[in-house]
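Please read the structure below before turning to the comments.
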Amino acid sequence: MNAAVPPITHDAMRAKIARIETIPLAVPFTTPFRIASGGPRPVSEIMLVRMELDNGMQGIGETQAWRRQGSTETLHSLHAAINQLLAPCCVGRSPFELPAIAAVMDEALYKSYYAKAPLLDAILDLQGKLLGVPVHALLGGRTRATVGACAVLPLNKDLRGTLEAADRFWACGFRSFTVKVGVYPELEVDVVRAVRERFAQAVLRVDANASLDFDSALALLRRLEAYRIDAAEQMVPLWDIEGMAELARRVDIPMMADESISCDHDLIDMIRRRAATVFQTKVGKSGGIWHSRRLWTIAQAAGMRIYPGNHPCTSIATASVVQLAASWGGPLLDGPHAVGITGALAYDVVRRPLVVRDGAVVVPEGPGLGVELDEDAVRSMRVEI
Ligand SMILES: [Mg+2]
């Protein structure tokens, strides 16, 4: 017979979640940010969650209202989902009940990972703070000291400006580039060709953000085949899995899924249909560290390559990806998880932003996520909803 499970005596286990606050922000882009769908955007709409324990300790998490394919949430809908349905699943419970809380959240609100992500990440932040260890230690321990990131080159009609941005990234040690495509095919082929000619050793990827029809995607990819593209990201709409599979068969460039995959069922479907061999998580889209890790495990078992990403976000959501990546035992691509803090966003919301060195984010060693809110920055970018 098994020995009885001993009672929990550790003080950290006794603290309960007492209060949850949503903090909607409009964080300005350095220059208006443009991907293939929608116009240039002046701000990234970001929702922070502050979770307070009955002992006064606070945890934080971040999500975004991206409002493009794969993201239907607004700041208002995130506020409502979190405050009305998801926060009540957390309050009164210990942060060390995370799996149970995640299960109750799934019963309270189907899918909605963008709303669940900041709560689940704040719970892990609190677990780490209560035990005095970084989140990567909670996930088993550190496998790497830095997490490689790629440079993102947004859609831009200014070829010279784009190449100057690429030069700056290269000088800072970035060796992987994602070129946004999907609107100006002639110009985009010129950009890819120029980046390839400039940096023969660079890893080069393109991302159409789900904007092209099948024929346009096929035509563009055939023109890009000559430039050693490591992966073509979400060339067709998120629903067109067959189209993605057909592209994978017809061009000599590996396919990456981003908008098409938010949950485990999406990923399993993609694997079955062999529509992509690379896939991207984002902590918002994928439901925080907790759910992202499950996706990585499934993808690894299927022999897929993993591309750790994020929408343009602050050091908080970047820290979530970096903590997860720091604990991951397998290979990872240099992904766009740090796009917000490596040039896209003009401001951060933490006291000591994550350090980016030689194209990689240094894994923070402080407790929890390893970042701390800057209350003045929060006040200056907070919006009324
Ligand atoms: Mg993408």
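Nothing in this text is a laboratory measurement; each read-out follows from the coordinates by a stated rule. The structure presented is a predicted model; accordingly, all values stated were derived computationally and were not measured. Positions of Cβ are generated from backbone atoms using ideal geometry, with glycine treated the same way; all protein chains shown enter the neighbour counts.
Percent of Cα pairs in the stretch 202-329 per distance bin of 5 Å, from zero to the largest separation: 2, 11, 23, 22, 20, 13, 8, 2, 0.
In nm, what is the difference between 0.36 nm times the number of residues separating SER380 and ALA103 and their Cα-Cα distance? If you can, show how the numbers build up before the last one.
Working: separation 277, 0.36 × 277 = 99.72 nm, distance 3.55 nm.
Full-extension gain reported as 96.2 nm.
Residue order for HIS337, HIS136, HIS10, fewest other beta carbons within 10 angstrom first, comes to HIS10, HIS136, HIS337. Each other residue within a Cβ distance under 14 Å of ALA166 adds +1 if Lys or Arg and -1 if Asp or Glu, for a net charge of +2.
Using a Förster distance of 35 angstrom, determine the FRET efficiency expected from the C-beta separation of ASP269 and ARG223, and round it to 0.05.
Values: r = 29 Å, r/R0 = 0.84.
Taking R0 as 35 Å, the efficiency between ASP269 and ARG223 is 0.75.
Total lysine pairs in the chain at Cα distances under 15 Å, for residues eight or more apart or on different chains: 6.
Counting neighbouring beta carbons within 10 Å and listing from fewest to most, the residues TRP328, TRP66 come out as TRP328, TRP66.
Fewest first, what order do TYR347, TYR114 take by the number of other Cβ atoms within 10 Å? Don't skip to the end; give the middle numbers.
Values: TYR347 17, TYR114 29.
Final ranking by Cβ density, sparse to dense: TYR347, TYR114.
Distance distribution P(r), the stretch 29-184, all Cα-Cα pairs, bin width 5 angstrom from 0: 2, 8, 14, 15, 14, 14, 13, 11, 7, 3, 1, 0 percent. Compared with the dominant Cα axis of the chain, that is its longest principal axis, helix 264-273 is turned about 30°.
What length, rounded to one decimal in nm, is gained on full extension from THR31 through to VAL133, with 0.36 nm per residue of separation minus their alpha-carbon distance? Before the final figure, lay out each step's value.
On the way: separation 102, 0.36 × 102 = 36.72 nm, distance 3.69 nm.
Result: 33.0 nm gained on full extension.
Restricting the calculation to Cα atoms, the stretch 138-369 yields a radius of gyration followed by a Dmax of 16.9, 50 Å. Computed from Cα positions, the angle between helix 241-250 and the longest principal axis of the chain comes to roughly 40 degrees.
Taking 0.36 nm per residue of separation and subtracting the Cα-Cα distance, what length does fully extending ARG144 through ASP358 add?
Details: separation 214, 0.36 × 214 = 77.04 nm, distance 1.45 nm.
Here the segment from ARG144 to ASP358 would lengthen by 75.6 nm.
For the chain, relative contact order (Cα pairs under 8 Å, six or more residues apart, normalised by length) works out to 20 percent. A helix-only calculation puts the chain at -10500 deg cm²/dmol for mean residue ellipticity at 222 nm, using -39500 (n - 2.57) for each DSSP H run of at least four residues, averaged over all residues.
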